[in-house]
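Trainee: Below are the structure tokens for one structure; questions will follow.
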Amino acid sequence: MKSLTTSLLLLFSALGSTGAAQTTAGGSTPEDSVRAIELSRAQALLRADTAALSRMVADEFVEISRLGQLRTKADNIRDIGSGDLHLLSVRYDSLVVRIYGDVAVLRGIADNTGTMRGFPFAGKIRYLRIFVRRDGRWQAVAMQQTALQ
């Protein structure tokens, strides 16, 4: 019985260590890397830095907005670059990242204020953003938003 218990403990210890988040050479996990991109995205939005945003988002990116509209990378970059979409504040909460090989799923709550084509907006959304790791870096490929009441 004692050897069975010891064997099971060793097995679960080994399984637990393989299921843990992998650490990169810099000491951060893939989850940390995705969270860092999301926080960098907030800063790029506030600065209307379309070059930085373009690097973070794949060309095939598609978003389902809080209004159910389908938007592409080109739509977002155009609206930010022209000033049609102007963010005044971007706050994230409850960010959770799950890694599935070269795919990451981030979910969280965003509380944003700004203007869209001159009309003010404010409010919280719950959202999912899907990332794919290509050539060693993460890029967003999809996003879905739901307005919170």
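Trainee: Given the C-alpha atoms of the range 29-147, compute the convex hull and give its volume per residue in Å³.
Mentor: Numbers: hull volume 11.0 nm³, N = 119.
Value for the range 29-147: 92 Å³ per residue.
Trainee: Same structure again: Provide the descending list of Cα extents for the range 82-133 along its principal axes, expressed in whole angstroms.
Mentor: 41, 24, 12
Trainee: Further question: Relative contact order for the range 20-106: what is it in percent, counting Cα pairs under 8 Å that are at least 6 residues apart?
Mentor: Relative contact order, the range 20-106: 28 percent.
Trainee: Here's another thing I want to ask about it. Can you list residues from other chains, or at least 5 along the same chain, whose modelled amide H is less than 5 Å from the amide H of Thr29?
Mentor: Counting only residues 5 or more places away or on other chains, the set is Thr24.
Trainee: Which far-off residues, 5 or more places away or on another chain, put their amide H under 5 Å from the one on Val57, with H placed in the peptide plane?
Mentor: Residues meeting the amide H criterion: Ala140.
Trainee: Amide H to amide H, which residues 5 or more places from Leu148 or on other chains are under 5 Å from it, using H placed in the peptide plane?
Mentor: Amide H to amide H, under 5 Å and 5 or more residues apart or across chains, Leu148 pairs with Lys124, Ile125, Arg126.
Trainee: Another one. List, in order, the whole-Hz ³J(HN,Hα) value for each residue of the range 98-109 obtained from phi through the Karplus relation with A = 6.51, B = -1.76, C = 1.60 and θ = phi - 60°; use x for Gly and Pro.
Mentor: 10, 10, 10, x, 9, 10, 10, 10, 10, 10, x, 10
Computed from the coordinates by the stated procedures, all read-outs in this text should not be read as laboratory data. The model shown is predicted, which means the values in this text are computed figures rather than measured ones.
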